[in-house]
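Below you'll find the structure, written out as structure tokens, and then a few comments.
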There are 2 protein chains.
Amino acid sequence: MASAAETAEGRLAIIAGGGLLPSYVAEAARLAGEDPVIVILKDESDRRWDGFDHAMIGIGDFASLDRLFKKYGIGRVVMSGSVRRRPEWREVRPTLRILTGVPAAIRTLLSGGDDTVLQMVIKLIEGRGLRVVGAHEIAPDLLTTAGPLGAVSPNKEDYRDIERAGEAAEVLGGLDIGQGAVSIGGRVVAVEGVEGTDGMLERVAVLRAAGRISLRRRGVLVKLCKPQQDIRADLPAIGVSTILNAKAAGLAGVAIEAGRSLVLDRDALIKAADENGLFVCGIDKGLPGWGLQ
Amino acid sequence: MASAAETAEGRLAIIAGGGLLPSYVAEAARLAGEDPVIVILKDESDRRWDGFDHAMIGIGDFASLDRLFKKYGIGRVVMSGSVRRRPEWREVRPTLRILTGVPAAIRTLLSGGDDTVLQMVIKLIEGRGLRVVGAHEIAPDLLTTAGPLGAVSPNKEDYRDIERAGEAAEVLGGLDIGQGAVSIGGRVVAVEGVEGTDGMLERVAVLRAAGRISLRRRGVLVKLCKPQQDIRADLPAIGVSTILNAKAAGLAGVAIEAGRSLVLDRDALIKAADENGLFVCGIDKGLPGWGLQ
């Protein structure tokens, strides 16, 4: 089963981190006639990949990645899923090319912000003559659309929280720190760092239980793509678990950047949001009122 | 025991939130010849105030605060210590003046950022003809001085983390979200929201234990005064517990804004830092290299 693209550009590799996204990308690739090779990131990918050609590599192991690309005739690469760890120095197995040609690469890999690291990885892969494509190019149906996705819409109070959390998320993203923030009652109460969105939502739930955040005001989670971010890597994503965690944190809903973020398992997500009375909406910060009003 | 200031300007009231700061301010006031009245914030202040004139009020209870000011002939007010909760709507007991003269005040109190709320409280108190003074005016010895306080100095790696975390803290402060950030290996891994500095440090310790942050790179906590902040309210502060929490989070040290933050229990803090091999230093972001290099 080889598509025209495959013949002309070589086979597609899916670098699979954690979470649901790699599965969606792999299925979408199959539907589009590809026969993707799954490069499983050790200690990150959390599903079995039986039924696909696959191989596991350590997270800093560029030497093995290079060998895999050659072995399978890879011409295009999509990076998908979360990478929670950074490699330790001793885990990095650079290629000679990295050592000689990109001297700052190792340091970036060990200590750069997420975005800096992903940019470097993209550059390294492209330096091999391969093309890096975005998950949304393989699975365009995952892209967030503008406006409410489910039955519930944000109210006036929610709009204010969307603006506040959106402002914080934008600034945080600009500093390559994180993609999300939570505003409750017009006040930003939590901003996302290495702990990630679920960790941040759990913190909000704990602060609520401790009386540090009012139980009477609901609040909003906003996730935005980092302004400088190459959208081929690490687009913000939400899934059913995001909705359930937002519910546990007492939030009124979730707003995520339209056109530059991914909604996983959309039908199940909308069902979960509707059943729990939460809104989910795509927002566009380029439009007045974030495209909502 | 009445000082000249007391006679001319009325008695000093210390509004006491949580933590150690109110005690230091009260003792310093006594040393300066004052006889302060302690206004204990219910559910926030965590020490006994025997030996001082004192009264407890609920956090939104402006009516009682007004009565206390009159009863004791208060002319000057210092606000000190942390306030972890925001009042619920039903807890607010406004004065008629607040209701009629400052219509936005209640909303601010319920949902503004820390800085906005404190500005409003200052304005309300000054509207009564009282003067609001900073904790550092009563206890100037608490102000952070520039440069290393203990035996350990930051190294080159630490300087980079100070700059990164400082940049994040400055932006966060500008949005009135929080005062602190942690950078490890040149990467900002945590930013402070409602959980506060100790909560953020605990999170870093947990992320370390889970392998989400390298054990090999140490990192730095930076706390800055919010750029727009009235320094009579809520100056950043560190105490012995900050040092011990930073140690538990695996950090190399703590940097805090010189001249616009407070060091509590300085001798014990320096001893704790020295014993644990952590640096503590005052930084000045107006100077090249934050005044350290």
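Readers should treat all values here as calculations from the given coordinates under stated rules, not as data from a laboratory. Not measured: the values here are computed from a predicted model. Please note: Cβ atoms are built from the backbone with ideal geometry, for glycine as well, and neighbour counts cover all protein chains shown.
Highest mean packing first, where packing is the average number of other Cβ atoms within 10 Å per residue, the peptides A:37-47, B:282-292 line up as A:37-47, B:282-292. FRET efficiency for the pair B:A209 and A:D230, taken as 1/(1 + (r/R0)^6) with r the Cβ-Cβ distance and R0 = 30 Å, rounds to 0.40.
Output the pairs from A:K123/A:K285; A:K123/A:K226; A:K42/A:K226; A:K223/A:K285; B:K123/B:K226; B:K70/B:K123 with a Cα-Cα distance over 20 Å in this structure; if there are none, say none. Pairs exceeding the cut-off: A:K123/A:K285; A:K42/A:K226. Amide H contacts for B:V77 (H built 1.01 Å from N in the peptide plane; partners 5 or more residues away or on another chain; cut-off under 5 Å): B:A13, B:R131, B:V132, B:V133.
Of the trypsin sites (Lys or Arg not before Pro) found in the stretch B:174-239, those in coil by DSSP whose Cβ has at most 13 other Cβ atoms within 10 Å are B:R216.
Partner shielding of A:182-190 amounts to 6, given as the average count of beta-carbon atoms from other chains within 10 Å of each residue beta-carbon. Rounded to the nearest 0.05, what FRET efficiency is calculated for A:A248 and B:A151 with R0 set to 45 Å and r the Cβ-Cβ distance? So the FRET efficiency works out to roughly 0.50. The phi torsions of the stretch A:77-82, fed into the Karplus equation with coefficients 6.51, -1.76 and 1.60 and a -60° offset, translate into couplings of 10, 10, 9, 8, x, 7 Hz, rounded to whole numbers, with Gly and Pro shown as x.
Helices that extend 18 Å or more along their long axis by alpha-carbon positions and average at least -0.5 on the Kyte-Doolittle scale are, among the DSSP H runs of chain A, A:114-127, A:196-209. Summary of the geometry: the stretch B:148-209 and the stretch A:227-293, compared by the centres of their Cα atoms, lie 28 Å apart. Over chain B, with a single point scatterer placed on each C-alpha, what log10 of the ratio I(q)/I(0) does the Debye formula yield at q = 0.10, 0.14 1/Å? The Cα Debye sum returns log10 ratios of -0.55, -1.01.
Based on Cα contacts under 8 Å between residues 6+ apart, chain B shows a relative contact order of 17 percent. Quick one: which residues, 5 or more positions from B:G193 or on another chain, have an amide H under 5 Å from its amide H? H modelled 1.01 Å from N in the peptide plane, none for Pro or chain starts. Placed amide hydrogens put A:V191 under 5 Å from B:G193. Given a Förster distance of 45 Å, report the FRET efficiency between A:D267 and B:T116 from their Cβ-Cβ distance, rounded to the nearest 0.05. With a Förster radius of 45 Å, E is 0.60.
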